[in-house]
């Protein structure tokens with residue numbers, strides 16, 4: 001990936017609905033070479049997909065909960081089942097397997113505390129868990145899906 005690819009990525013992360021002609025103009029390319037670069041980044045998985053970002057408050061899912069999970073079972077079977085089960089839960093927006101005291105960190109989006117309680121009850125009934133700790137976000141201070149792809153972010157590579 002060169003500097004032009006990184007510029008294209010920065011533009012698309014800001015607004016992926018821009019026409020290729022507009023993106024090309026912003027990076028000083030003609031339309032066809034720009035389109036080819038975008039296609040190559042899609043084919044190689046650099047660009048995984050293009051989506052619309054939704055305001056959770058606007059759709060009634062404004063309560064963000066971070067759930068820390070500790071398990072006493074680290075077998076491959078448990079891990080596979082856990083991953084499969086939480087992936088199927090629509091409230092779960094993100095799941096990370098962690099290093100340190102906590103085994104998993106989940107980000108949950110729900111409408112209210114009652115909805116979270118229902119989620120929690122389903123979660124703990126799925127399979128044995130050692131500890132579940134929930135942390136409720138009071139305010140979103142920063143939110144972005146855009147990765148820093150400029151030269152400063154990559155050390156000039």
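What follows is calculated from the coordinates using simple rules that are stated; it is not laboratory data. Treat the numbers as computed from the prediction; the structure is a model and nothing was measured. Methodologically, a virtual Cβ is constructed for each residue, glycine included, from the backbone with ideal geometry; neighbour enumeration extends over all protein chains shown.
Assuming a viscosity of 1.002 mPa s and a temperature of 20 °C, what translational diffusion coefficient in µm² per second does Stokes-Einstein assign to the range 53-106, Rh being the Kirkwood radius over Cα pairs?
Details: Rh = 12.6 Å.
Estimated diffusion coefficient is 169 µm²/s.
Summary of the geometry: the range 39-60 and the range 1-18, compared by the centres of their Cα atoms, lie 13 Å apart. Full extension of the segment from residue 36 to residue 17, taken as 0.36 nm per residue of separation minus the current Cα-Cα distance, would add 5.2 nm.
Taken over the range 3-52, the convex hull of the Cα atoms encloses 63 Å³ per residue. So what's the angle, to the nearest 10 degrees on a 0 to 90 scale, between helix 113-126 and the longest Cα principal axis of the chain? That helix lies at roughly 80 degrees to the long axis. May I ask you to derive the FRET efficiency for residue 107 and residue 2 from their Cβ-Cβ distance with R0 = 25 Å, giving the value to the nearest 0.05? Calculated transfer efficiency: 0.15.
Nearest 500 deg cm²/dmol is fine: what mean residue ellipticity at 222 nm does the chain get from its DSSP H runs of n ≥ 4 alone, each adding -39,500 (n - 2.57), divided by its residue count?
Working: 5 runs with 58 residues, N = 157.
The per-residue figure over the chain is -11500 deg cm²/dmol.
Packing here is the average count of other Cβ atoms within 10 Å per residue, and on that basis the peptides 57-68, 103-114, 83-94, 40-51, highest first, run 103-114, 57-68, 83-94, 40-51. Beyond 28 Å, what share of the Cα-Cα pairs of the chain remains, rounded to the nearest whole percent? The answer is 43 percent, as a whole percent.
What the Kirkwood sum gives for the range 63-136 is a hydrodynamic radius of 12.4 Å, with every pair of different alpha carbons counted.
Taking the longest Cα principal axis of the chain as reference, the axis of helix 3-14 is set at about 50 degrees.
Can you give me the angle between helix 76-87 and the longest principal axis of the chain, using Cα atoms only, in degrees from 0 to 90, rounded to the nearest 10? Around 70 degrees separate the two axes.
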